[in-house]
Amino acid sequence: MRWKTESEIENSGFFLDRKTEDSNWTEIANYVTDHGLIGKGSVTYRTDYEYLDIFVEPNTTYEYRLADVDYDGLVTYHPTNKVTVEH
């Protein structure tokens, strides 16, 4: 999964959740355990982020939900994204 920010305000980092048709949302990564998801704090430049989910099954559709967390712990969820794994 890839995303970018054009700027960040007090961004501690990101959480990434995943679900399938048959499952509920499950957190698969966060900025505490995955350093690639640490936010840049307060910046005015573009930042590109990427997370590779290696725990997927072929012929399955997954829905991903990204959230960012600010310095006060406020969590903001962003629109979901569906991905189908072919092989």
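The values are calculated or read from the model by the stated rules, or taken from the named source; none is laboratory data. Bear in mind that the values here come from a model prediction, so they are computed numbers and not experimental data. As a convention, Cβ positions derive from the backbone with ideal geometry for all residues, glycine included, and neighbour counts pool all protein chains shown.
Some values worked out for this structure:
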| item | result |
| --- | --- |
| Residue that is over 10 Å from the mean Cα position of the chain (by Cα) and closer than 22 Å to GLU6 by Cβ, where the choices are ILE38, ILE54 | ILE38 |
| Odd one out for GLU21 among (1) of a type in the set (D, E, K, R); (2) touching a Ser or Thr at 6+ places or on another chain (Cβ under 8 Å); (3) modelled with pLDDT of 95 or more | (3) |
| Neighbours by Cβ (under 6 Å, 6+ apart or cross-chain): first from region 71-85, closer than 15 Å to TYR31 by Cβ; second in a strand (DSSP E or B) and of a type in the set (Val, Ile, Thr) | VAL75/VAL69 |
| Residue pairs meeting the criteria (Cβ under 7 Å; at least 6 apart or on separate chains; first under 17 Å from VAL85 (Cα atoms), in region 36-58; second assigned to a strand (DSSP E or B) and at pLDDT 95 or above) | TYR51/LEU16; TYR51/ALA29; ASP53/ARG18; ASP53/ILE28; VAL56/TYR62 |
| Whichever residue in region 9-21 is over 15 Å from the mean Cα position of the chain (by Cα) and among the acidic types (Asp, Glu) and, among such residues, is surrounded by the fewest Cβ atoms within 10 Å (Cβ to Cβ) | GLU21 |
| Only one of ASP53, ASP72, ASP68 that is assigned to a strand (DSSP E or B), charged (D, E, K, R) and on the phi < 0 side of the Ramachandran plot | ASP68 |
| Filter result (in a strand (DSSP E or B) and either surrounded by 12 or more Cβ atoms within 10 Å (Cβ to Cβ) or of a type in the set (Phe, Trp, Tyr) (or both)) within region 22-41 | GLU27, ILE28, ALA29, ASN30, ILE38, GLY39, LYS40, GLY41 |
| Complete set of residues in region 75-87 that are part of a loop (DSSP other than H, G, I, E, B) and within 14 Å of MET1 (Cα to Cα) | HIS78, PRO79, THR80 |
